Amino acid sequence: MVEANDLRPIVCKFDGTATANADRLRRVRDIVRSDPLRRFVVVSAFGKYTHSDHDCTSLLMLCDAHVRLGYRFDPFFKPIAERFRTIVRDLQLEVDIQRLLDEVEAGIMTQAEGNKCYAASRGEYLMAVVVANFLGWPFIDATEVIRFSADGALDSAATNAAIAERLSQVEHAVLPGFYGSLPDGRLKTFPRGGSNITGALVAGSVHAARYECWTDAAGLVCPAPGAEPVGRMTYAAFKALPEGGVKIFPAEALAVVQETGLLLNLRDTDRPEHPGTLIVPDHRALQ
Ligand code: ASP
């Protein structure tokens, strides 16, 4: 898949199933450490832990909606704060998580009007700070490198240049997925599932050997429930899956992957040794 003498970096994106709790984050650390080429990591906010709880981003969006309507939002903020405190405590990290949570809580109240995407973006922000501390790697905020134009469209040229420049200065980095900045400094998020887009932009800009998206088994391409994942398929075959594969990987992210001709590798966090599904440009189908 990656030639033995290929020293290009591997970009790993971990979704909300991979960042759901301390145990899963330990797995993330082991996966990252098991290959020195895994130099750049993009993280999602925590996802559901049990079937009955909520993912971080949905809770943050509920906080935001309540502030706008003039209602209290602490019932939605509390489970977020509790989850981050538990993760930091279980991993014994030296992150002043309470200070960060207080800042975010205050920010949700004060920024709801002018900075529409502020609240939704904070799960990725907090998770990237936590994971950077856990790995002992630099945290690079997405606002530094993911750039949107004033009309809200992604500024691909500015983004690619900023990522290439910033990441050339570091050996490793952890970046939050899902958001970036507008020219006036306000935050802007991608559509839901957008950390996949951030990861694809990072992978494209650093000419990654492959872009690994780590998730649970539900995010792999399997011919039938419980069957082994498909080993290799083309972009075209992936897009021909029911709903164009978007349940697994959003169409916007696939467009970025395709534009840059990246090898997209869907991997299972529970079975790190399994090579997962490799999605390749159509012309590489036979290689
Ligand atoms: N946390 C965001 C969401 O739930 C982005 C992502 O996970 O990709 O949509």
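The values are calculated or read from the model by the stated rules, or taken from the named source; none is laboratory data. Computed from a predicted structure; not experimentally measured. Using ideal geometry, Cβ is built from the backbone for each residue, glycine included, and neighbour counts are taken over all protein chains shown.
Out of Leu175, Leu167, Leu187, Leu220, which single residue is in contact with a strand residue (DSSP E or B) (Cβ under 7 Å, 6 or more places away or on another chain), at pLDDT below 95 and not small (Gly, Ala, Ser)?
None of the other options fit; the residue is Leu220.
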Gly152 vs (1) at pLDDT 95 or above; (2) within 16 Å of the ligand (Cβ to nearest atom); (3) closer than 24 Å to Met61 by Cβ: all pass except (2)
In the set Ala120, Ala128, Ala112, the lone residue that is in contact (Cβ under 8 Å) with a residue 24 or more places away in the chain and under 20 Å from Arg39 (Cα atoms) is Ala128
Could you grab me the full set of residues in segment 15-50 that are touching a residue at least 40 places away in the same chain (Cβ under 8 Å), more than 22 Å from Gln169 (Cα to Cα) and within 16 Å of the ligand (Cβ to nearest atom)?
Asp15, Gly16, Thr17, Ala18, Thr19, Asn21, Arg24, Leu25, Val28, Ser44, Ala45, Phe46
Which of the following residues is farther than 30 Å from Ile279 by Cα, part of a loop (DSSP other than H, G, I, E, B) and within 16 Å of the ligand (Cβ to nearest atom): Asp53, Asp64?
Asp53
What number of residues in segment 141-156 are closer than 14 Å to Val42 by Cα and crowded, with 22+ Cβ neighbours inside 10 Å?
3
Per the filter on segment 113-130, residues more than 11 Å from the ligand (Cβ to nearest atom), over 13 Å from Thr19 (Cα atoms) and part of a helix (DSSP H, G or I) are Tyr118, Ala119
Residue ID - surrounded by the fewest Cβ atoms within 10 Å (Cβ to Cβ), chosen from residues in segment 172-185 that are of a type outside the set (Gly, Ala, Ser) and over 19 Å from the mean Cα position of the chain (by Cα)
Asp184
